[in-house]
Each structure stands twice: as C-alpha cells, then as structure tokens.
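Here's the structure we're looking at; comments come further down.
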C-alpha cells in the first residue's frame, strides 16, 4: 500500500481547490443535509468579503430556520422578530446610511407575517438588500403550510394538499415587489446547481454595488428546497423543485435597473 | 389670584384660539397658565370648548367642572355650562342665535353681541377678539399691553399685520359689553 | 445657552424636547390623542438642523421595529403612540427589553379596552409597569404631571435608558398631551458621536462581532440571562425611585395619584384642608420603580390611603402591596375618558371617613 499522505501535505496552498470562506465562522451549521441555506450563506459571506464589506455590514436575521444565521457569518448582526426584519433594517439604514444593510428572510417571515413590512420597506425604496428564501414551507416549526406552498402540495397543516379554494393561493410576492417604484433590482434565483449558485452570487454582488450607489431596494428571491419538510432526499428535493417550484416561480430578473436595460439594448450579444 | 374660565361655542368660532391668546397673555404677564381643550371628532363642526386657568400660583388641576367665568357662544354651550358657573361668578354670552337666555340669579350675566358687531366692522374673524375685549373689561386680570404681546406670540408672523384690527376689536368689545 | 420659555401642548413639548435632547431618530404612526408629536417633528424637520431622522411608519409594529434597529446601532431613538397603538407595539417592546436596548416609548393614554375612546385615561398602568408583552421584564416608567415634565422627562428617559440598557416609557395621557402650559425648554444638546461598545455599527477587524438578539435556545443560559435582568431591575428599584409629596407632613388622609390625577388631587388636598380635613398627596413620578418604601412608611402615620386614578383600580394594587395591610386602602377614579374632578375625590374621601 502506498504511504498515507499527511494532512499537511494535502492542504498545501498549491493543492487547494476550494477553501472555507474567510468570514464564515467555525460554528457548525444547524441545517439539514441538502438544504439550500448553507450554500446561500456561503455566497453571501463571499460577496461581503470580496466587496470588502465586513466592517460595514449589518445583517438582520429572521425567525425561521436561519434564525441563528448570526452564528455563521462574522459580521455585526441583529435578530429581528418574526416578519419585522425590513422594519428593523429600515431603522438601521436610516440612522447609519453608509453601512451595508441586508435582511435574510424565509417565506413565512417575509410573505406572511411580515407582508406589510416587506411591501412598505420596498415601497419607500429603503436602500437595503432583502434576500428572500422561498422553499414553500415552514421548515423550523416542522413543515407547516407557507404562503408560497404550491397548490395541492402537502404540509403538516395541509395534509391533504393545499386546497386553494379554502387555503388561498401561493403568493408571488416577488412579482408584487417588482411593481413597486421603490425597488431597483428584483430577481429570482436558485442555488441547486453550480451554475445557479454562480448566478445568485452575481445577483448579490450587483445588489451590494447598487446599495453603495444608493439606488433603492434590491430584492433577491432564492427558490430553495426543504428535504426534511418535503420529506424527500436532497436529490429528490432538487428534482421536485425544478419540476414544480420553478414552474410556479420561474427564475430570472423581474426588474432590471434602467441603465442595465439601456446597456443591454446597445449590446444585444451581451444579453 | 386664580381665574378659572371656560370658553365654549361652535367649532370654527375661534374658541380655542381665544383661549390660546388668553393663555399667552397670561404668560406675558408672568402668570401660570393652563389651556385644556376638548379634542377629537366632536370639534369638527360640533361644539368646542377650552378651559383656561390663569393664576399667580402653581396650577393644580387643569380640568375642573366649576368656573369663575363662562364665556358662551352658542345655545348648546349655554345649556351645558350655565350650571357650571360658581355661585357669584360671571357668565358672558353672545346673544346671536340664542333663544333661551341665561336665567341664573346667583351669578352676574353679561351680554356681548360680538357676532353682530364683527359683521358691522366687516371683519368677521375678529369676532372672538370682541368677546375677549368684553371679558377683559369685566375682569381686567391681564394688562392690554400683555394681551397684544400674547397676540403676537400666538399668531404666525405672516398675520402680524392684522394685529391693529384685533386691537380695535378688543376695544370695541370693551365698549359694547353690557350687564343683563 | 439659556432655557427658552414657550406655551406648548404636552405632545409638542415632547417633540421639541426630543430634538433638543439630541435624539437621533423618531419613528411613529398617527393616533389620537398624540398625533401632534409626529406632526410637530415633521414640521420642525430636524433632519436639516440636528440631523435627527423622523419617519412615519406603515404601522405601530413597523415603527417599534425601526426603533429596535436604530437602538441596536447605539442611537437615541424613540416612538410614541396611544393605548391601542401601544398594544400593537408590545411585541417589539418585549424584544427590545430582551435584547437590552435603550429607547424611549411614549404612551399618551386614552380610554379602553379595544378602540375605547380618545379621551384621557390611566387604564394602561398594568401594561406599562408589569411588562406589557410576554416574558419577565420591566420598563422604567415615568409619569409626567405637567407639560414641563413632558419635556424634561425626554432627556431623563434617554439618560436612564442608556444607563441601564433598558427601554423607558413616558406614561402620559390625553389631558397632558393636549393641554398647553408654560414650559422652559432646555438648550439644544449635540447628538452623540460615540457608540456604546455593544452597538452594531459594522464590525471593525479589531473587535468581535456584536450580536443583538433576545434568543437563547439553551434554557440554562436563558435562566442566567433572566437572573441578570432581575438584578438590573433590583438595582433600578434601589436607585431610581422618584416621587413628590404635597403636605404629607401632618396628613391624616393620604392621596396617592400620578399624572393628571395627581394634578386633580393637588386641588383635592386644598379643598379638603379648607374643610378641616388634613389631606396630603404622594405623587409617584416613577411608576416602575414604584415608591413602595415611602408609601409604606407614610402608612405608619396616616389613617386612610386613597389611590386615585382614571381606571378601574390598577395602581391601587401597588399601593396595597406597599402598605401591606397597615391601613385601609381605597380606590377612586372615573373611567371611560372622564377626568376625575377634585371635589369628587374629596366627597369620596369624606364618605370613607364618615363610613369608616
């Protein structure tokens, strides 16, 4: 047998294909295997680090699975009450307008209990970034129906499937947000393939830069999975997401900044 | 010295602003004052009233039910507050639109037909100043110079050109008030 | 700089005092009888002078959460509302207490329950002094009895809030909010340029990240935190009790009343004494912490204590706890937005003296 290579041998800089994001902490993530939160946290941390925003960033974490987000990224954090993150972020940004302020919220937080705060914060055009994780379910409390749960989709509070006549329709809140004059950049992305991860990261980078330029609210929906809540394996859940969630919530930009539209019009190939 | 006054009438008659000018005038004379209005929807088109207390001492309760002086500008207010004048106190009212006149015998009743007079002076907005003039004639608790100062304080600067008209209205009120 | 004399409504005095106290931000939502606070601030437009932020939120809930965000940045921030709006803010208030954030909340109380009336009441005493939202916590509660105190307590509230990292409530009512009196306004203070070390202002490389949260999933750690809060409240009880006495030295009959009712009772003392009844008044200025010790010692020398408040009898429970059975304690007060009159109080006292 060949000699076992020492661990120090392996992590020589020239052998590094991938490394831990610098500003991610050593705390173990509390997420289930296959969940999209971990990936999203990583690219968010990468964007903050790469844009040199660590000392300027103030994040607002939600109530939901990512309630402990403040344990994972090494920046200043505030934990908001359920649904209130956009109001909290408004308070922060109004008083510290030079800081990079963002919220990170799930569908129940953003599109059910916090709908008023979400709409009005975007309508005022608060110069913040809202990251909206849409997995169509309440993960933390154990798989209850969310405002974004698909028609017919089972959850612990729609055990026979979501009957839209009784329980209402899934709320496409991002589409509403895109109609508000206060928003500058509204997009729907996902993190279930490497290509999608790269696109989402690019969207976050843009949003960070727009915030520096005081452009208004940037809103990134990330359609994600919930293997535990959906009662699937990670692979099954990604497939189900592609086949069902993305049909209802198609990926792509819902609102593109005016100058970018102009640019794209001038350079059709770039599109 | 403590003078406890209620001014009551329709919303829009200048009830609250008359009280405000009184209170400001009291401040100018280095007195303690309080101005406690009725507030809320009842003021919009309904009745409005304000309790003004002017005192040489620290004012205790700003809300009271019995008054040294009641200044009454419509029938509803007369019906409501005639009984609230302290025995030996005074009631001043404008006879315009009054069908049931005050009847109490244990108080002194004065009439100042300010609405009519304001019409004659063709400056209907000085109505409340005519009433105030009448009051000051009967109860000269504040010097005229301090009333003018109070007027200046309570009026926005863009209306300061109206101060002479108001001064005239105050004087007119002093002339026309009469004991019933 | 000299103090400035003005004739103002209580609500306006709070707004002007906030600007002068160097407040960094106000977030509010209109509700009678306190809308003048937001209106005054919007008209004064302090963003041009001191840089103070004034924002009309979409709801009371949003407003208190904006306060949370601003307070967690170490800024002097405040909100105001009236009873139904304060009920809506309770969620935010308990989070603020749980995250130990300093801020000022003004409640210009109106009659309840529910939509109630827009007229003055003191029926939010329990809510203000016993917590209000969920969980074990207290606000520091100041009860102004004049327009002057409406102004003075703004600066005092910020001082106490930052000293103890605790939300402070000014518990006023529609009468004091709406009435005008003389007020001496303090000179303009500069807004603070420094931040407390716990504030989230963006993490510089040399310090650990700051996290503002009220969450601890470990019950043992949460219990330790609860104990820390209890110790803080006990320190506040020890050091921050404030009250005022009127003619208590020889009093045989003691009124206990705060805010508008205290003004009423001041007159009742005069009326009673004119009739040969030796009455006195103790006016709690802080409702939490409550002047229990002083009331307890006055109970040694008076015959009857009458708690007067515009409620069904809330503060009277604290009076009873302070008195601990030493003398009979009664409650008297009007409700529904009706302000008790001085002679009603005297009549009630006489009925108790004669009856007793």
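Any read-out appearing in this document is the output of simple, stated calculations on the displayed coordinates, not a laboratory observation. Every value quoted in this text rests on a predicted model; they were computed, and no experiment measured them. Cβ placement follows ideal geometry from the backbone for every residue including glycine, while neighbour counts extend to all protein chains displayed.
To the nearest whole percent, what portion of all C-alpha pairs in the range C:151-233 is separated by more than 23 angstrom?
Values: 1667 of 3403 pairs.
More than 23 Å apart: 49 percent of the Cα pairs in the range C:151-233.
Could you state the angle between the C-alpha long axis of helix C:147-164 and the longest principal axis of the C-alpha atoms of chain C, as a value from 0 to 90 degrees rounded to the nearest 10?
50
I want to check the label-to-label distance for residue C:275 and residue C:294. Put each point 7 Å from Cα in the C-beta direction and report it in nm to one decimal.
So the two model labels end up 2.7 nm from each other.
Full extension from residue A:231 to residue A:253: what is 0.36 nm times the residue separation minus their Cα-Cα distance, to one decimal in nm? Write down the numbers at each step before the final one.
On the way: separation 22, 0.36 × 22 = 7.92 nm, distance 3.00 nm.
Once the chain is fully extended between residue A:231 and residue A:253, it gains 4.9 nm.
How much of the pair distance distribution for the range C:44-128 lies past 22 Å, counting alpha-carbon pairs only, in percent?
Numbers: 1082 of 3570 pairs.
In whole percent, the share of Cα-Cα pairs in the range C:44-128 beyond 22 Å is 30.
Using the alpha-carbon atoms, what tilt in degrees (0 to 90, nearest 10) does helix C:259-274 show relative to the longest principal axis of chain C?
Taking Cα atoms only, the helix is inclined about 20 degrees.
Per the Kirkwood definition applied to all pairs of different Cα atoms, how many angstroms is the hydrodynamic radius of chain C? Please list the in-between numbers first.
Details: mean 1/r = 0.0479 Å⁻¹.
Averaging 1/r across every pair of different Cα atoms and inverting gives 20.9 Å.
In Å³ and rounded to a whole number, note down the convex hull volume per residue for the Cα atoms of the protein assembly as shown.
229
Pop the C-beta distance of residue B:1 and residue C:338 into the FRET formula with R0 = 35 Å and round what comes out to the nearest 0.05. Intermediate results must be reported in sequence, preceding the final value.
Working: r = 29 Å, r/R0 = 0.83.
So the FRET efficiency works out to roughly 0.75.
So for each of A:236-244, B:130-138 I average, over its residues, the number of other beta carbons within 10 Å; can you give me the resulting order with the highest mean first? Intermediate values should be presented prior to the final figure.
On the way: A:236-244: 17.1, B:130-138: 25.4.
Order by mean packing, descending: B:130-138, A:236-244.
Would the range C:244-355 count as rounded, prolate or oblate if I go by the C-alpha gyration tensor, calling it rounded below 1.5 in a/c and otherwise prolate when a/b exceeds b/c, oblate otherwise?
Values: a/c = 1.38, a/b = 1.06, b/c = 1.30.
Verdict is rounded for the range C:244-355.
So how far apart, in nm, are the two label points at residue B:57 and residue A:156 if each is 7 Å from Cα heading toward Cβ?
6.8
Note down the nm distance, to one decimal, between modelled labels 7 Å out along Cα→Cβ at residue C:208 and at residue C:2.
So the label points at residue C:208 and residue C:2 sit 5.2 nm apart.
Between helix C:60-72 and chain C, what is the angle of the helix's C-alpha long axis to the longest principal axis, kept within 0 to 90° and rounded to the nearest 10?
60
Can you work out the FRET efficiency for the pair residue A:213 and residue C:227, with r the C-beta to C-beta distance and R0 = 51 Å, to the nearest 0.05?
E(calc), rounded to 0.05, equals 0.60.
What whole-number value in cubic angstrom gives the convex hull volume per residue for the C-alpha atoms of chain B?
Numbers: hull volume 19.9 nm³, N = 180.
Here the figure is 111 Å³ per residue.
For the range A:1-127, what does the equivalent ellipsoid look like in terms of its semi-axes, each the square root of 5 times an eigenvalue of the Cα gyration tensor, given largest first in whole Å?
Values: eigenvalues 246, 60, 21 Å².
Those come to 35, 17, 10 Å.
Checking the a/c ratio against 1.5 first, then a/b against b/c, what shape does the Cα gyration tensor give for the range C:196-283? If you can, show how the numbers build up before the last one.
Working: a/c = 4.59, a/b = 3.13, b/c = 1.47.
In terms of gyration-tensor shape, prolate.
For chain A, what is the convex hull volume of the alpha-carbon atoms per residue, in Å³? Walk me through the numbers on the way to the answer.
Details: hull volume 44.8 nm³, N = 271.
Residue-normalised Cα hull volume stands at 165 Å³.
Within the range A:74-117, name every residue whose backbone N is under 17 Å away from a label modeled 7 Å from Cα of residue A:175 along the Cβ vector.
Correct set: A:111-112.
Counting each DSSP H run of 4 or more residues in chain B as -39500 (n - 2.57), what helix-only mean residue ellipticity at 222 nm follows after dividing by all residues, to the nearest 500 deg cm²/dmol? Don't skip to the end; give the middle numbers.
Working: 6 runs with 65 residues, N = 180.
Computed ellipticity for chain B at 222 nm equals -11000 deg cm²/dmol.
For peptide B:54-61, compute the average count of partner chain beta-carbon atoms within 10 Å of each residue's beta-carbon. Before the final figure, lay out each step's value.
Details: counts 0, 0, 0, 0, 3, 6, 13, 17.
If you average over the peptide's residues, the count of other-chain Cβ atoms is 5.
Would you please classify the overall shape of the range C:2-143 from the alpha carbon gyration tensor, given that a ≥ b ≥ c denote the square roots of the eigenvalues, rounded means a/c under 1.5, and beyond that prolate means a/b larger than b/c while oblate covers the rest? Could the numbers behind the result be given before it?
On the way: a/c = 1.70, a/b = 1.22, b/c = 1.39.
Here the range C:2-143 falls in the oblate category.
Summing -39500 (n - 2.57) over the DSSP H runs of n ≥ 4 in chain C and dividing by its residue number, what mean residue ellipticity at 222 nm do you reach, to the nearest 500 deg cm²/dmol? Present the calculation step by step, with values, prior to reporting the outcome.
Values: 12 runs with 145 residues, N = 356.
Theoretical 222 nm ellipticity from helices: -12500 deg cm²/dmol.
Nearest 500 deg cm²/dmol is fine: what mean residue ellipticity at 222 nm does chain A get from its DSSP H runs of n ≥ 4 alone, each adding -39,500 (n - 2.57), divided by its residue count? Show your work: numbers first, answer last.
Details: 10 runs with 88 residues, N = 271.
Roughly -9000 deg cm²/dmol at 222 nm, from the helical runs in chain A.
Order of C:100-107, B:119-126 by packing, highest average Cβ count within 10 Å first? Can you show the working numbers first?
Details: C:100-107: 27.0, B:119-126: 14.1.
So the peptides C:100-107, B:119-126, ranked by packing, come out C:100-107, B:119-126.
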